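A.B. asks: Next up is a structure, given as structure tokens.
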Amino acid sequence: MSSNEREHPRLASDLPVVVSFGEVLASESTYLNDISAGGVGFNAMVPLEPGAVLILQLPPGRPVLSTPVRVVWCRQVGLHYAVGSEFLSKNMALRERIVAMVQQIEDYRTETARDGRSLSAQHAALEWIDRFGKDFFSAA
């Protein structure tokens, strides 16, 4: 595999997430840049040290997913920081399920837009979870 190829394909996403160091928020509500079975990219308002372990929760306000990630890199971009992180779970099926959930939420948002409803990423996530989340997670 060349240095330009990724082990896991990335899915672009702007879903809101909460990132915390236990009880301390790294960013109250930030947005994914992308996600793969390997990890997530997101923005933070403060610099994060590579190696720091964070808890990623989705969606903010009513998280149905809470999983640890480790910061791999952090770069300042304007007034915020772009962060790359890796999932700490070794359970590949769970990691792939997380990506599938984000993909289905993104698809739901697109579908509702075609029906004339414009939902924010936050509202699409909450609505999708209310409608399909229980079945989605029980099928895992």
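A.B. asks: Counting only protein heavy atoms and a 1.4 Å probe, tell me what percentage of region 32-115's accessible area is made up of carbon and sulfur.
C.D. replies: On the way: 2200 of 4170 Å².
Looking at region 32-115 in its full context, I get 53 percent from C and S.
A.B. asks: Given Cα pairs under 8 Å that are at least 6 residues apart, what percent is the relative contact order of the chain? Intermediate values should be presented prior to the final figure.
C.D. replies: Numbers: 256 pairs, mean separation 27.5, N = 140.
Result for the chain is 20 percent.
A.B. asks: Here's something else I'd like to know. If you build a Gaussian network model of the chain, linking Cα atoms that sit under 10 Å apart, which residue out of 120, 36, 20 swings the most?
C.D. replies: Of 120, 36, 20, the Gaussian network model singles out 120 as fluctuating most.
A.B. asks: Compute log10 of I(q)/I(0) for the chain with the Debye formula, placing one identical point scatterer on every Cα and leaving out solvent, at q = 0.16 Å⁻¹, to two decimals.
C.D. replies: Computed log10 I(q)/I(0) values: -0.84.
A.B. asks: Another one. Which whole-number percent gives the relative contact order of region 65-114, counting Cα pairs below 8 Å spaced six or more residues apart?
C.D. replies: Across region 65-114, relative contact order equals 27 percent.
A.B. asks: Also, quick follow-up: Quick one: dipole size for the chain, taken about the Cα centre, charges +1 on Lys/Arg Cβ and -1 on Asp/Glu Cβ, in debye to the nearest 20. Display every interim value, and only then the final one.
C.D. replies: Values: 13 positive and 16 negative charges, 23 e Å.
Dipole size: approximately 120 debye.
A.B. asks: So, one more: Comparing 102, 19, 64, which has the greatest mean-square fluctuation in the GNM of the chain with Cα pairs linked when under 10 Å apart?
C.D. replies: Comparing 102, 19, 64 in the GNM, the peak value goes to 64.
A.B. asks: Next up: Could you check which residue among 116, 84, 51 shows the biggest mean-square fluctuation in a GNM of the chain with a 10 Å Cα cutoff?
C.D. replies: Maximum fluctuation in the GNM of the chain, among the listed residues, is at 116.
The values are calculated or read from the model by the stated rules, or taken from the named source; none is laboratory data. Keep in mind that what you see is a predicted model, and the values were worked out from it rather than measured. Neighbour counts run over all protein chains shown; Cβ positions are idealised from the backbone, glycine included. Areas reflect the complete protein model, heavy atoms only, side chains present, ligands, DNA and RNA absent. Shrake-Rupley method; radii C 1.70, N 1.55, O 1.52, S 1.80 Å.
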